[in-house]
Each structure stands twice: as structure tokens, then as C-alpha cells.
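Report on the following structure.
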Amino acid sequence: MHYWRKSALAVAMLALPAAAQAQQAIDAEYTAKIKEHLQDPRITTELVDHLPASATVPTPLKFHGRIVGTPGELTYAKDIHRYFEALAKASPRAKYWTIGKTEEGRDMVVLAIADSATIANLDKYKGDIAALTDPRKTTEAEAKRLIGTTKPMYWLTSGIHSPETGGPEMLQELAYRLIVQESPYIQAIRNNIITFITPVIEVDGREKHVDTYYYNKTLPAGAARLPLMYWGKYVAHDNNRDGMGQFLSLTKNVNDFYLAWKPQVMHDLHESVTYLYSSTGTGPYNDAIDPITVTEWWTFAQEDVREMTKRGVPGVWTYGFYDGWTPNYMFFVAHTKNAIGRFYEVQSYGPDNYEVRPPATTTSREWFRPNPPLSYIKWGPRNNTNIQQSAVLISLKHFADNKANYLENYWIKNKRAMEKGKTGAGPYAWVIPAAQRRKADAADAVNELRKQGLEIHVAAAAYKAGNVSVQPGDWVVRGDQPFRTLADMYFSIQNYTPQNPRPYDDTGWTFQFMRNVAVLPVMEQSILTVAMNPVIDKVRAAGGIDGTGAVLLVDHTTDNNLMKFRTAFATTKMHAAEASFEAAGRTFRAGAFIIPAGDRAKIEASLKELGITAQAVATVPTVKMHELDLPRIGYAHAWQRTQDEGWVRAALDTYGVPYNYFGDIELRKGNLRAKYDVIIYPHVGGSAQSHIAGIIKNGDTPLPYKKSPKTPNLGANDSAEDIRGGLGIEGLTELYKFVQAGGTLIVEGSTSTIFPAYNLTNGVTIESPSQLFARGTILRGVVADRKSPIAYGFDAQLPVYFNQDPVMNVGGSAGVFAGVGSGSGAAAMMQNTTPNANPLRLSTWSWNMSDSTGTPMPVAAGRPAAAGGAPAGRGGTGGAGAFGGAASIDGTRPRVIMQFPANAADMLLSGTLAGGEALQNRAQLIDAPLGKGHVVMFAIRPFWRWQTQGTYFLGFNAILNWNDLDAGR
Ligand SMILES: [Zn+2]
């Protein structure tokens, strides 16, 4: 019955355009194959059940020798790109160009499609949209004219997640159809809007995935399958969490293209759910997004659900899946510019045919899923092609039919954003002081914000309003610019109450906290009248050499460029002061670099370039010091998961830290101390035991990861004849021997749990508090041992990124908090339709509070000391002896360098937290001595997603002081 109704409807709908369709011949061979490969007749529409013929434009069948949706076949990105290029060569309705390179040197591309007159005049439309973007330059009358005459732009992207293969395949057929088909439906799209298509965002990963798929097809049944190891050079699935950091080439290329054209919609195609999810999310939605955008998400999604349901296609739904809170996804590049970001999640392409038997939680009829997926269906790549191509066409048609409406919304959003900072609620500006302590990183932050589209000025006069005083040279982010939305989004403080739906990703991201730089909001309108000039080029902090004398002193500011400076002069002797000292009328902190001699001219040029200031003095100060000798670094990755460790490599590569990169199985070969001084083994995910096991060894057939004639794209970062077996007990033993013999092992996140799990580090325990909820959040870090070289340069406190675990305890009070609940766990179970009405209590953070004297955070009088015995507020005074009661200085005791505050109420700076009592006085960073060496264990994540620049130097300090970590004990 279901099917019958759809057919009747389809016939009715085709009645009108039949004449137009009749004039255009159908490609009979292609159309027959669509029917042949479709696994279920319900997963189609009149939009995609045929393909028009063309005498001049090649179909995918003609070009590749197979139709889109052919089972058992995948197309390399380079061939998809060749096809797109051929389309543009064959038709004046398309234009093709490259938009940048990947880290591995492959092209990223775009194909623009519209009627031929529009394609010939693309720059005119680019100018029209730029005018609608900027109400400072465009009058209301001109805007009205443009809204009525110009064409909006819709950018389709896919292939960011390499195992999600259908989007890039489907987009080939869609491109052909949009160029060739003469039906009124397609003409309405082609003549009214400009469609951009970037079929593959993660080009490096696509090629590896296609290699891996075809390689696995050659293996005998039952043999272990090769997993997709690396995608891009740095990360895997996290490539879609780079929207804020924008470290990866793919994100930079997308951002640059976006800023050049400013499309009103960015629509990213993914695969993961049954059968098609059109994004809206559960909320809470990101506060900085204009309410108009929120309604536009819903309008698009409901159009998809209704039109697909009308055509009898089951399983198209919205709501759920994600929240709409965190701005780290690719399509937020559009949201920060007042445009619309959307995505689909589609039932997997395969590419082999398969069956889908979803659970009742997926097939029940709900308000957001009025026509739910079926309890059983035969699925295949053609089903995937049909369902997402139909939905995309419905979206494009809706956009074309309502183009003036969407252009007007876009204009209004840009205007409202600008007015917010001109006459509205503010802030009217944000000031980034140029002379702040971490001035080089502040300059970096300015450059990063500019690259992402924020206009920045430099103050030409002094100004004071409220608590903010501006000096000439300070950077000013004016609030009266349309893209201030980006500033609102990045600089705001997040308050994600745990009563909300479970967050999809991080809950806190406050830019200035993560980077530990001062960004000061100004609530006085008069800031807009201060003399200032636009920043038009890359900025750098003031740097160079002050004074005269042979000896150079560089204070330790924790500016990350200090690491670049140290590695750039690897053969120049540099020392670290072990205590603060006075010289040339200035105070230098413990950790300050002391350089007795060196190539002065070269050093000065480098300091200027890096924005670092050195003080020249006549003689070496008398302070106690040790040499900052650069270690030989081994960098171990796990073969079972290469998703996260790349963020650590990103920091090392950027700041010039050399290392040898190898898989966990190499550690088993031993002799590590002879080869390395430091071994870095970043977070993998999973339990300590899973690190030991790795990819399970089943049978004798090795699982190679390498370049070969069959797999030309594999083996890019690392290769191995057999990637199975993990660290193994042998590898763990060798790591233990390495540390015993004087090596320094640096671990973070899950790898921090390995030594404690096997009782190899004295007195460190890992806890699993059931009531704790701390999802990707920014908490207060208290430096408990400021004499440790790992803390050199840092203030008494700093914001840190923490994500639920590990919870590390030193001193054996494990289990004390096991029964402590905050009450919010129970609250989360209650029916609550207005969760944001109950905000969390955030702890305040100010840049003046975290001063160099070690003043602890304010703690309310009368608060009980935590059970661990450390009095509240002890953080700044130093002394590992606070932990576990034993006050003696014992060379084998783990040293707690950083910890969570003593009181849960002081922890949360931005994001979410419930059950924080479980973190009271727990360690954030431990230096555990072991034999002659050290294990440096991070519970926080110092190198998270190119966002936590403020904590990079905790890791860099551990590297630079690797053989002097006992200093200050
Ligand atoms: Zn995805």
C-alpha cells in the first residue's frame, strides 16, 4: 500500500513536466542500471530514478565505466576530480578549479554549477554577495535591489570522513544532473542559485580508504581486515573538529574558499545513521547563532522530511543525533559568518550490498520521525545514492524557490550582528593587549582570528573605560562588524547545564582560556571612536634585544615561540634559572633562559621574528641553573587508533621539535635508552590493557600497512609489515627499563593510566568516579609545585582542558569520593524541557588574579578542607607533601605539579561540570620519579585539537628539562 500510494503520487507529479521531459532523451542504459542496483523500490523518487542523456556531457557511466551506486566499487578522489574537470570542459554551465592542497600534496577542488550566463559572470555574483554581507558599505535600497536580483550560493561538501563513502560518489551524478537535465525542477535550481560542490574534503584519507577497501577484497574469507589507519597527515575523524583551531590544510582551504565567496548555505554530507537525518539537533544551540539561523535549520529539515515522506520514502527524520552547541565542526565556518551550516547523516553506502535491521529505538514513530525507518530492509550503494540525492535536490529546489527570502535573512543577520556592537547590547569591542605577558601567543591569536575573517584594528591612541585601558599598539576587535558573530562565539563563556541532553562533543571552548591570553570585552560604546587603524598584514609581538652585554636573558613567558627559539638554536648552549632573580632592574622567573654566548645577529633576528624579548647583561647571573639540553625524542603511536595523537605532533612540528616516529610494536624491540632520552606516547583511548593488546593477533597472516602496487596511498606517516599486537607486556617492560635507566616518558590521557594500572608508579592510583560529569570542559588548574621545571613560566593558576578521565590520585585516598554525588546526576533523569533556565555556577577567571606571586584563588571563608588533607587555597605554595599526609621530601614520591582546586565550586570556568567533588585535590599533572628517570603523566590534555595553546608549554617544559626534572625538590 505504501508503495502504491507513492507511485500514484509520482505519476501525478510528473504529469505537468512530462512534456518537457519528453523532449529530453533518457539515458536508457544508465537508467536500467539504477533500477538493477537499487535494493528496495521504496528508496527512490521521481527525481533520481532515471538519468537524462546528453550528446556532449559524459555520464559517470561513460567516464568511469560504471554508474554511481554500483555495488562493490569505490572511486578515488583523483578520479572524481577528473570527472568534475571533464564536466566543466564539456559544459558552459559548470566551472572547475582547485581551492588548495592537502598536507600530502593532493588537490582540493570545487565545481560551480548554474546557467551558462551566470557561470560566465561568477565574479559579479561574488560582488553582490559581498555587498549583502557588509551593511557598513551597502545602503538599504541597494540591498533591496540585490535581494530581488542576485543569486544566492549553496555549497555542498562531502568526504571529510573517509569511511563515509557515498557523498562523494553521489555528488558526481548530482553534478551531471544539474548540468544536463531540462526538467522545470532542475531548471529552477540551475537558473536561480549557484551550486558549489566540493566532493571530497579529506582527499588524503579518501585515497587511503579506497586502497584499503580494494586490498581487503583480495584477502581470503575469515582473514583479519586491514583497518583504515591514517586519514590525513594528523588526525582521522577529528578533522571535523578543527573548525575553531583551523590547523589542518583542509580546514584552511575550506575557510579561504568560504571567505572568498560567502555562500549562504554550507551543507556537509556524512554517513552514520538510518536512513537519512537532516540536521537540526537537540539543542542547546550555540548562543551566538542568530535565531533566524535556528529557524532556517528547521525550515530546511522539515522540507526534507515532508517532501521525502510525500514521495513515500521512509526513514527521513530530524532532531536528535547532535546538539548544535560546539562550534568546532567544519560547517560552523558558515555559522561564524551569519550563514547556514547543515549536514546529513545517511545510511552507509557500503559499497557492498547489505541488510539493515535497526532496533526499536530507531524504528519507533516519533514526532521528529513521522515516517520511521523499517524494521528490515535490503540496502546498498544505490539506496544511499537515491535517498541523499533526492533530499539534496529538494533542499536546492527549496533554496531556489525562496532565494529572495534567504538573501533577505542573510542581509538582516549581517545587519543585526553589526548593530549589536554599534548601538545594541554589545560588547562594543574586545581588546587584546599587545604587551601582555604571553605577547607572542597573543599576536598568534590575532593572526588566527584574522585568517578566520574577523577584522582587527590596532589602537593609535590611549583609551580607558571601566576596567579596560587601551594602549597604542593594542589590538581592537570592533563589535560593529558583521562577522563579530565569530567573536561572540569564541570569546563567550559556556554554561552547559548537565540537565541538557548529553553533549555531542566538547561543552567549553572559550578561546582566551584555552590559549591563556587576555581578551577583554569593552561595554562602553566610546571605544568605537578611539583612533585605530585596520590590521592588514600578519602581526607580530615586539621582540629583540634590550640593553648591552654578552649574556642574554629571556624570561619564561610560556609563549610557545620560546620552544621554536630553543630548537632553532639547537647547538647554542642555553640554561634555565631554577629560581626567580633580578637583573637589569627586572625580575626574571624561574625557568628564564640564560644564554652565555651565541651568534648575536642571528639570535636577534630570530627574537624579532618570534616576538620574544631578551635582556642583554654583562655577566651571567648568580642564580642556580641547569642546562636546557635538547633530548633525542622517540614518539610512539598506537596502531589500533591513530585518531588523537596527531594533535600532539601538530604542536611539535609547528614549534620545531624533532622526533622519531614509530608504532607501539617497535617498543618491544627494546634498547630504548640507548636511542632516546625522551619518549612521548600520547593518548590513544581505551583501557591500559587495550594498549597492551593492540590489534588482536588472530592467526599467522600478517596485517601490513605499507605502500605497495595495490596500495599506493598507504604507508604515508608510518608503515609496518604487521600492525597487530600492540605494546605487549614486552613493550611495557622495555618502557619501564627505559625510565629506570634515566629516560623520561611523557604520557597523556589514556596512556597516563598504563603505569599506574600495572602498579609501576609508586602511589599513583586511577579512580573511576561514577558521579563525575566533565565532558570536554575548561576547569581551573592550580599549580601545586611551582618549583618543578614543568611549571616554569606559569602563573599560580591557569585554565585547563579536561575531558572526563583519567582521574588520578596520589597518596592513596582512593575511593573516598566514590559515594559523593552532586545531586545533578539524579536531576538529569527528570523531565526537563527548559534546562538552560537552570545555569551552572561558573567560577570567575580574571587575568589579574593569576599573578606571578602565586596568590591562590579566592576561597570562601569557612569552607571545609577537602578530605585529601590539603587546605583549600594551598595550591600556590608548592610542596608535593600535601598529598596523602606524608610531609617528608622523599625522592621516590610522585610530585604533583598541577591539581584540581580543593573545592568543587572553584573548578568550572567554562563548559560543564557535575560531581566535581570527585576531582577535589586530584592531580592534573604528575611527575613520578622511577629509578633514574621520570614518568610525566597528564590527566588534562595539554595539546587538545590545536586549541589549548595555553598549556602547550607544560609539555615543552617536560621535554626541555627532561634530565633536570628533580630541580626544586
Ligand atoms: Zn561523518
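The values are calculated or read from the model by the stated rules, or taken from the named source; none is laboratory data. Everything quoted here is computed from the prediction, not taken from an experiment. Glycine gets a Cβ as well: all are built from the backbone with ideal geometry, and neighbour counts include every protein chain shown. Only protein heavy atoms, including side chains, enter the accessible area calculation; ligands, DNA and RNA are left aside. Shrake-Rupley method; radii C 1.70, N 1.55, O 1.52, S 1.80 Å.
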What are the equivalent ellipsoid semi-axes of the range 192-340, built from the alpha-carbon gyration tensor (square roots of five times its eigenvalues), in whole angstrom, biggest first?
30, 22, 15
With the charge dipole of the chain built from beta-carbon charges (+1 for Lys and Arg, -1 for Asp and Glu) about the Cα centre, the Cα from Ser364, Trp944, Tyr213 projecting farthest to the positive end belongs to Ser364
In a shell of Cβ-Cβ distance under 9 Å around Val684, excluding Val684 itself, what net charge do Lys and Arg (+1) and Asp and Glu (-1) give?
-2
For the range 544-627, with only Lys/Arg (+1) and Asp/Glu (-1) charged at the beta-carbon, what is the dipole magnitude about the Cα centre, in debye rounded to 20?
100 debye
List the aspartates and glutamates whose alpha-carbon lies under 13 Å from that of Lys464, not counting same-chain residues fewer than 8 positions away?
Asp474, Glu524
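When the expected Rg is taken as 2.2 N^0.38 Å, what fraction or multiple of it is the alpha-carbon Rg of the range 47-112? Don't skip to the end; give the middle numbers.
On the way: Rg = 13.3 Å, N = 66, 2.2 N^0.38 = 10.8 Å.
That ratio works out to 1.23.
Taking only DSSP H segments of four or more residues, each worth -39500 (n - 2.57), what value at 222 nm results for the chain once the sum is divided by all its residues, to the nearest 500 deg cm²/dmol?
Values: 29 runs with 289 residues, N = 969.
Per the formula, -8500 deg cm²/dmol.
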Expressed as a percent, the accessible surface of the range 559-613 that is carbon or sulfur, using a 1.4 Å probe and the full set of protein chains, is 53 percent
Residues of the chain: accessible area per residue at 1.4 Å, in Å²?
35 Å²
Please work out how much length the chain gains when fully extended from Glu103 to Thr295, using 0.36 nm per residue of separation minus the C-alpha to C-alpha distance, in nm with one decimal.
65.4 nm
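Could you size up the charge dipole of the chain around its Cα centre, putting +1 on the beta carbon of Lys and Arg and -1 on that of Asp and Glu, and report it in debye to the nearest 20? Please report the intermediate quantities before stating the final value.
Values: 96 positive and 90 negative charges, 111 e Å.
Once rounded to the nearest 20, the dipole reads 540 debye.
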Work through the residues other than His398 whose Cβ is under 11 Å from its Cβ and net out their charges, Lys, Arg +1 and Asp, Glu -1.
-2
Below 8 Å between Cα atoms, with a sequence gap of 6+, how large is the relative contact order for the chain in percent?
11 percent
Nearest 20 debye, what's the magnitude of the dipole of the range 365-489 about its Cα centre given +1 on Lys and Arg Cβ and -1 on Asp and Glu Cβ?
300 debye
Based on Cα coordinates alone, diagonalise the gyration tensor for the range 367-434, multiply each eigenvalue by 5, take square roots, and list the semi-axes in whole Å, largest first.
43, 18, 13
At 4 °C and a viscosity of 1.567 mPa s, what translational diffusion coefficient does Stokes-Einstein give for the range 473-571, taking Rh as the Kirkwood radius over Cα pairs? Give it in µm²/s as a whole number.
72 µm²/s
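Taking Cα pairs under 8 Å and at least six residues apart, what relative contact order does the range 421-534 come out at, in percent?
Numbers: 183 pairs, mean separation 46.8, N = 114.
Result for the range 421-534 is 41 percent.
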Which listed residue (Pro472, Leu528, Ser492) has the Cα farthest towards the positive end of the charge dipole for the range 421-534, taking +1 on Lys and Arg C-beta and -1 on Asp and Glu C-beta about the Cα centre?
Pro472
Along the principal axes of its C-alpha atoms, what lengths does the range 544-627 span, in descending order and rounded to whole Å?
27, 24, 21
Looking at the P(r) of the range 282-434, how many percent of alpha-carbon pairs lie beyond 22 Å?
53 percent
With all protein chains present, how much of the accessible area of the range 77-147 (probe radius 1.4 Å) comes from carbon and sulfur, to the nearest whole percent?
51 percent
Accessible surface of Lys602 - all protein chains present, 1.4 Å probe, nearest 10 Å²:
130 Å²
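Got a number for carbon plus sulfur as a percent of the range 691-803's accessible area, 1.4 Å probe? Spell out each step's value before the answer.
On the way: 1970 of 3900 Å².
Its accessible area is 50 percent carbon and sulfur atoms.
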Give me the Debye-computed log₁₀ of I(q)/I(0) at q = 0.06, 0.09 Å⁻¹ for the chain, equal point scatterers on Cα only, no solvent, two decimals.
-0.46, -1.04
Would you mind listing how long the range 421-534 runs along its three principal axes, going by Cα atoms, in whole Å with the largest first?
47, 33, 26
Could you give P(r) for the range 613-662, binned at 5 Å from zero, as whole percent values over all Cα-Cα pairs?
5, 13, 17, 17, 11, 10, 11, 8, 5, 3, 1
